[in-house]
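The values are calculated or read from the model by the stated rules, or taken from the named source; none is laboratory data. Bear in mind that the values here come from a model prediction, so they are computed numbers and not experimental data. Note that we place each Cβ from the backbone using ideal geometry, even for glycine, and neighbour counts take in every protein chain shown. Accessible surface is based on the protein model in full, side chains and every heavy atom, while ligands, DNA and RNA are left aside. Shrake-Rupley method; radii C 1.70, N 1.55, O 1.52, S 1.80 Å.
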Amino acid sequence: MPVGMPEFVENPENRCPVILLLDTSGSMSGKSIRELNQGLADFKKDVMKDAQASLSVEVAIITFGPVKLIQDFVTIDRFIPPKLETDGVTPIGEAIEYALDLLEKRKQNYKDNGVYYYRPWVFLITDGSPTDYWQGAAQRVREAEEQHRMLFFSVGVQGADMDKLRQIAPPERPPVKLNGLDFRSLFVWLSTSIKRVSSGKLGEMVALPPVGWGQITT
């Protein structure tokens with residue numbers, strides 16, 4: 001019998017994977033990146049309040065641009081919120097493709113180790129417009145959503161190209177425009193949502209809390 005990966009042997013709980021796809025391009029410098037960093041710290045703190053979620057929720061962070069894997073999947077108790085810095089342009093297409101590939105690899109890890117998982121979340125936050133070819137990524141997002149392989153959320157910070165985000169986001173989940181720089185409320189909402197998911201049954205539909213931190217744009 002093959003030996004499982006140590007992390008799954010030590011913690012065989014069902015997993016709830018979340019990929020945070022975060023814009024760290026030059027336009028996010030200053031207050032935006034500071035508030036985003038604070039939001040990540042609040043996210044960890046809030047999820048850790050729930051014993052079940054702290055074992056189930058796994059987070060990975062991909063930043064753009066340039067596209068970088070800042071944090072590979074770890075359970076929230078092992079997650080150290082990074083101090084993100086800004087640089088470069090906004091290759092959203094490349095970032096999404098990278099995230100979806102990373103997710104498929106992780107799902108394979110779960111399957112190989114006999115670990116069950118909730119439908120993964122991919123959470124995109126940007127204040128810009130794609131500076132690369134993004135249409136292929138948008139197609140993959142919509143196909144994965146239709147096949148119930150993930151849930152894709154997109155958030156536009158002030159200055160974001162909401163029209164392009166609408167074309168990337170699945171039709172049933174249009175992008176949300178963040179109120180100011182209220183990353184804190186956004187991440188507490190994300191934490192609350194994920195805690196609800198991780199305490200439910202696999203495959204069960206969970207009612208998410210209302211989006212009080214932004215405006216849904218259609």
Open item on the list: Per 0.36 nm of contour for each residue apart, how much would the distance between Met5 and Arg78 grow if the chain were fully extended, relative to their Cα-Cα spacing?
Closed with: 24.7 nm
- [ ] Amide H neighbours of Asp161 under 5 Å, at least 5 residues apart or on other chains, H built in the peptide plane: list them.
- [x] Gly128, Ser129
- [ ] Add +1 for every Lys or Arg and -1 for every Asp or Glu among the other residues with Cβ under 11 Å from the Cβ of Ser191, and state the total.
- [x] +3
Open item on the list: Just to be sure I understand: if I project the alpha-carbon convex hull of the chain onto a plane and average over all orientations, what area do I get in nm²?
Closed with: 11.2
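Quick one: Cα convex hull volume of the range 1-76, Å³ per residue? Don't skip to the answer; put the middle values down first.
Numbers: hull volume 6.7 nm³, N = 76.
In the range 1-76, the Cα convex hull volume per residue is 88 Å³.
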Open item on the list: Ignoring ligands, DNA and RNA, please state the percent of accessible area on the chain from carbon and sulfur, probe 1.4 Å.
Closed with: 52
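For the pair Glu204 and Lys105, what calculated FRET efficiency results from E = 1/(1 + (r/R0)^6), where r is the Cβ-Cβ distance and R0 = 45 Å, to the nearest 0.05?
Numbers: r = 25 Å, r/R0 = 0.57.
E between Lys105 and Glu204, to the nearest 0.05, is 0.95.
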- [ ] Taking H placed 1.01 Å from N in the peptide plane, check which residues at least 5 places from Leu151 or on another chain put their amide H under 5 Å from its amide H.
- [x] Trp121, Val122
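Sort 190-199, 81-90 by packing, meaning the average of other beta carbons within 10 Å per residue, with the highest value first.
Top to bottom by mean Cβ count within 10 Å: 190-199, 81-90.
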- [ ] Report, to the nearest 10°, how far helix 31-48 tilts away from the longest principal axis of the Cα atoms in the chain, using its own Cα long axis and a range of 0 to 90°.
- [x] 20
Task: Karplus-derived 3J(HN,Hα), 6.51/-1.76/1.60, for each residue of the range 82-92, Hz, glycine and proline x - done: x, 9, 6, 10, 9, 5, x, 9, 10, x, 5
Task: Cut-off 13 Å between beta-carbons: net charge of the residues surrounding Met162, Lys and Arg +1, Asp and Glu -1 - done: 0
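If each DSSP helix of 4+ residues adds -39,500 (n - 2.57) and the sum is divided by the residues in the chain, what number results at 222 nm, nearest 500 deg cm²/dmol? Write down the numbers at each step before the final one.
Details: 7 runs with 86 residues, N = 218.
Rounded to the nearest 500, the figure is -12500 deg cm²/dmol.
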Open item on the list: Can you list residues from other chains, or at least 5 along the same chain, whose modelled amide H is less than 5 Å from the amide H of Thr24?
Closed with: Phe64, Gly65
Open item on the list: Could you sort the peptides 21-33, 201-213, 168-180 by per-residue average Cβ neighbour count (10 Å cutoff), highest mean leading?
Closed with: 21-33, 168-180, 201-213
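I want the local charge near Glu172. Using Cβ-Cβ distances under 15 Å, sum +1 for each Lys or Arg and -1 for each Asp or Glu among the other residues. Display every interim value, and only then the final one.
On the way: positive: Arg119, Arg142, Arg149, Arg166, Arg173; negative: Glu143, Glu145, Glu146.
Here the count lands on +2.
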Task: the chain, relative contact order [Cα under 8 Å, separation at least 6], % - done: 24
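Just to be sure I understand: of the beta bridges DSSP finds with both ends in the chain, what percent are antiparallel, rounded to 5?
On the way: 8 of 30 bridges.
Close to 25 percent.
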- [ ] Could you give log10 I(q)/I(0) at q = 0.11, 0.16, 0.24, 0.25 Å⁻¹ for the range 50-132, computed by the Debye formula over C-alpha point scatterers of equal weight, without solvent?
- [x] -0.34, -0.70, -1.25, -1.31
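Given a 1.4 angstrom probe, what's the average accessible area per residue across the range 82-218, in square angstrom?
Working: 6550 Å² over 137 residues.
Counting only protein heavy atoms, the per-residue value for the range 82-218 is 48 Å².
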Task: Charge-dipole axis of the chain as Lys and Arg at +1 and Asp and Glu at -1 on Cβ define it, positive-most pick from Ile80, Gln108, Gly203 - done: Gly203
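What are the equivalent ellipsoid semi-axes of the range 130-195, built from the alpha-carbon gyration tensor (square roots of five times its eigenvalues), in whole angstrom, biggest first?
Working: eigenvalues 91, 61, 14 Å².
Its equivalent ellipsoid spans semi-axes of 21, 17, 8 Å.
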